[in-house]
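Heads up: the structure comes next, in structure tokens.
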Amino acid sequence: MKPGDRAPDFRLSDPSGETVQLSSLRGGPVVVFFYPKDDTPTCTAEACLFRDRYEEFVEAGACVIGISSDGAASHAAWATKHRLPFTLLSDPGGKARKAFQVKRTLGILPGRSTFVLDGDGVVRHAFHSARHPDRHVNDALRVVKQLASRAHRA
């Protein structure tokens, strides 16, 4: 997926078993970040960076969603341990990951990609890197703020 593409819709479960459908979140920016595994060093660093800047995302009108193939219990424990305020979704079969064309790292590990969608569900930013969790967060926030600024001017 690249900027200008329409994001594919998905329906995934959160830790409480509630289903979240991506298209139901339209109207404001949505940050979707795919990460390999709960409670691993780089994934935790990335999630905690999103946590630390979460209020800035919210102030800019954005929703933040993290997605991995881990199950509800793992997501719930990880979110509690690190006080993660955003939604974590389980993608056990990798359908959402595949629909977003998130490539594997070294051909074996689930990839790390962050997408910023505008209020119409169009990809406005895509960043793919197994490293640099700070860039995932900082770049996403920069784009979200640009989208919010444009919306206020309109």
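Bear in mind these aren't lab numbers, they're just calculated from the coordinates by the rules spelled out. Note that the structure is predicted; figures quoted are calculated from it, not measured. Reconstructed Cβ throughout: ideal geometry from the backbone, glycine too, with neighbour counts over all protein chains shown.
Tally Lys/Arg at +1 and Asp/Glu at -1 over every other residue whose Cβ is under 10 Å from the Cβ of residue 67; what's the total? Once all neighbours under 10 Å are counted, the net charge is -1. Given the pairs 37/145; 37/81; 95/145; 2/98; 98/145; 37/98, which are separated by over 24 angstrom at their Cα positions? Correct reply: 37/145; 95/145; 98/145.
Show me 96-103, 140-147 ranked by packing, highest mean number of other Cβ atoms within 10 Å first.
140-147, 96-103
Based on Cα contacts under 8 Å between residues 6+ apart, the chain shows a relative contact order of 32 percent. Dividing the helix sum by the residues of the chain, where each DSSP H run of 4 or more adds -39500 (n - 2.57), gives a mean residue ellipticity at 222 nm of -11000 deg cm²/dmol. Axis of helix 72-82 versus longest Cα principal axis of the chain: the two differ by about 70°, to the nearest ten degrees.
Normalised Debye scattering of region 25-154 at q = 0.17 Å⁻¹ gives log10 I(q)/I(0) of -0.84, counting only Cα atoms as equal scatterers and leaving out solvent.
Between 0 and 90 degrees, the angle of helix 133-153 with respect to the longest Cα principal axis of the chain falls at about 30 degrees. Evaluated at q = 0.14, 0.29, 0.34 Å⁻¹, the base-10 log of the normalised Debye intensity for region 111-154, with identical point scatterers placed on the Cα atoms, takes the values -0.34, -1.02, -1.19. Computed over region 34-101, the quotient of the alpha carbon radius of gyration and 2.2 N^0.38 Å is 1.09.
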